Every structure is written in structure tokens, then in C-alpha cells.
Amino acid sequence: MLPVSKPLLIVSLSNRAGGAEQCLQMIANAACAKQLFLLKAEVNILSKSVHSESDFISKKSLIFGYIFLICKLVKYRKGYVILSSAVYLNAYLGFLKRIGFLRSEVVVRESTTVFSRFKGLKKLSYVLAYKLGYPAIKLIICQTEFMRAQFVKYNSFIPASKVIILANPMNLKAIKGDALKGEMPFNFEFICAAGRLIPIKGFSLLINAFKPIVEKRKDLKLVILGEGPERDNLQKQIHQLGLEGSVILMGHVANPYVYFKYAKVCVTSSIEEGFPNTLLQMMALNTSVVSTLCAGGIADIPSILKVETGNIYALQSAISTCLEMQKSQDRRLLDRYLAGRDPQNFVNQLMKQIGNLKKDLYTPSIFPLKNTLDKVFK
């Protein structure tokens, strides 16, 4: 068995404030773990860690980050549990384990449902990454039963016993504390959505769904928090629909929780997700929440309105219904649902799962380098 006393090292692609990066930072803070970032981003970044130390490999590109990561990992070769959360990075760490460079245990978190989200060459690249590095990984964390079932189905070469479900952590106390740091951001009522401006987030569908709503409630606005490559396309759509002034693309905001708290309705409009952390944050602060069924587990959430993905009319109807409902009585149900997601609880469960695993069911080295590397890096 692996001793649970082994220190934890968190390896992330960058310090950009994405969902996976936020999860890893919460875990790092809860475990007082060192964070290692391949790339130092300058905008849309995570808040500075309170309880963990951070180190950056490159300020130029992820390619340099991957190249020089092996140098940074020398002192973490043995005696650590290394956790990451991006398929290519996960596979790279697993490959370093297979060739004998890493003797520490590698644990990875799946951040999306690769096999249903991607097609063609992109999907093939992920398949190759899984086969190259994942056989050496100690534990694979999925966010939902759907994600786990899909992973096991398409990666039959990995023992199913190594694939577990751990729901995303969430620091409920910190979120509610940040929400208290600001007042109502506007002098008008608004619907709020948030996420990176990319097609998979479904903001184009949301804007279309909002048009008939604002025609009846002209004082209402749609506020979308986040930045990304779809900004120009969304701006064109807003212009074509005559919604200038009614739909506001706010860009990145340092404290989205104030917006979630004061919104008339919070909306998650994604087409497909691993599991949307933004939805959990919205639920922590607002009882009027609408979400598409974009991930496994959403159908089981109490007291929010759920609609099928890609259905503009269903989304419009759910938002309209939510605007008319008084849902303050549902606060207790939502808090009960969120209560088990404390980051410290996540770390405790993770270490317990690692400790319960028997000796790895794989041949650790695909090349006879382990003894040689041990001598070189002794």
C-alpha cells in the first residue's frame, strides 16, 4: 500500500482561471501542496494561493513548459504523489513513469468527456495519449458516473479498479465570503452566465433564447462573464439580433460571485462539460438557476431547472419560468447537496483511495532505463 503521508505535488498547464485550474488550486490549498505551472499567464489568472507555494516553468509557451518540466521534476522523482488534470499532461507524466524517470506515484483527474466531445484527429490524438501514458498512472479520477463509464469503455487496457469517482471540490465558505465583498453591480435586473467564450459553452444558444424574453421584459439584461475567441462572433450575433445594450459581454471579472449572488437567474448553457464548476458556484449563491444537461450528474441536482442541451425553446421557457418563481425555500436543499464538496474532504478521500490500491497492475517500464536513471539522478 502507498503511505498516505506522501507529500502532494500539483502540476497544472497554467495559472489561467479555468475550471480545472481552479479545482487543482483548491486541492493544493487544502493539502498545503506545492503547485507547478508549465506556463505563467498574465491575464485571467487564478488568485494567489493562500496555503501553497507556486512555481512557474515558462513565460513564453506551453511547449517550453513541457520541454523543461522534466528538469523541474528531478527533485520530485521519488516519494511524492503527483496530481495533474489535462489529458496530454497526464499522459506525459505517465510516460515519464513508464520509462522509469518518475518513481513517485502519478494520479490524474479527467476534466472532460473526451470520447463524446471530440472527433477526428483531435479524438485520435487523445486516444494515442491515453495508450502512451495512462497505463502507468496510479489512479484516475472522474467527476461523474457517466464520465467514468465512458472512460472505462474506451480504455479497456486500464484496470477499471484504478478509475474512481470523486466529485469536484468547492470551497463554499470562500465563495460566500467573496460574494459579500461587493454590492449589486448594476442598477438594473439581469440574467447571468459565465465561462470561457468558446462554442461548447452554448452562449450563442443562450443569446437566441434571451431575445424573446427581453422583448417582453425590456428592462432585463443578459450579462455574460468571461473572455475567449468567440467574442467577435457573439458580438456580431448581438448586433444582428438588435440586442446591443441588452446583452453585455463583460469579459474577465475578478469576482464573479457578486454577479451570481445578485442575478435574477443564473444560467449554465453548455453543450457538453466534464462537470461545470460554474454551476456549483451559482448554486452556492442563488436559488434561481437553470442548467442544460451538459454533464452526468446534473439531472440529480435538486431545486434547479434542467433542460436538454441545444434546445433554444426549452432554455427560453426555463429561464422565463425561473424569472417568475420565488425559490428562497430551496436554499437548504442546495446547501445540503453542496456540503460534501469541501476541498479538505476531497483530499482526504483521494489519499484514502490511493492508500487502498494494491500494487500497480502494469509493467512500469517500457524501456530498460529505470536503474540507469536512478544512478543519473541519485
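The values are calculated or read from the model by the stated rules, or taken from the named source; none is laboratory data. Quick caveat: nothing in here was measured; it's all calculated off a predicted structure. Cβ sites come from the backbone with ideal geometry, for glycine too, and all protein chains shown count toward neighbours. Side chains included, ligands, DNA and RNA excluded: accessible areas come from the protein's heavy atoms. Shrake-Rupley method; radii C 1.70, N 1.55, O 1.52, S 1.80 Å.
Return the pair list, or none, for Cβ contacts closer than 9 Å from residues in region 186-213 that are within 13 Å of Val290 (Cα to Cα) and among the aromatic types (Phe, Trp, Tyr) to residues that are assigned to a helix (DSSP H, G or I) and at pLDDT below 95, at least 6 apart or on different chains. Close Cβ pairs (under 9 Å, with a partner that is assigned to a helix (DSSP H, G or I) and at pLDDT below 95) do not exist here.
For region 272-281, indicate whether the set of residues that are farther than 23 Å from Arg109 by Cα, open to solvent by 20 Å² or more (accessible area, probe 1.4 Å) and either among the polar types (S, T, N, Q) or touching a Ser or Thr at 6+ places or on another chain (Cβ under 6 Å) (or both) is non-empty. The answer is no; no qualifying residue exists. Looking at region 307-349 only, could you name the residues that are over 20 Å from the mean Cα position of the chain (by Cα) and outside any helix (DSSP H, G or I)? Matches in region 307-349: Val307, Glu308, Gly310, Asn311, Met325, Gln326, Lys327. Exactly one residue among Leu249, Leu206, Leu225 is farther than 30 Å from Arg332 by Cα and at pLDDT 95 or above, and that residue is Leu249.
For region 33-53, a tally of residues being modelled with pLDDT under 90 and either in contact with a Lys or Arg (Cβ under 9 Å, 6 or more places away or on another chain) or open to solvent by 60 Å² or more (accessible area, probe 1.4 Å) (or both) returns 12. Of the numbered criteria (1) assigned to a helix (DSSP H, G or I); (2) touching a strand residue (DSSP E or B) at 6+ places or on another chain (Cβ under 6 Å); (3) buried (at least 20 other Cβ atoms within 10 Å of the Cβ), the one Phe64 fails is (3).
Scanning region 113-133 for residues that are among the hydroxyl-bearing types (Ser, Thr, Tyr) and open to solvent by 20 Å² or more (accessible area, probe 1.4 Å), we see that the one that is farthest from Gly19 (Cα to Cα) is Ser125.
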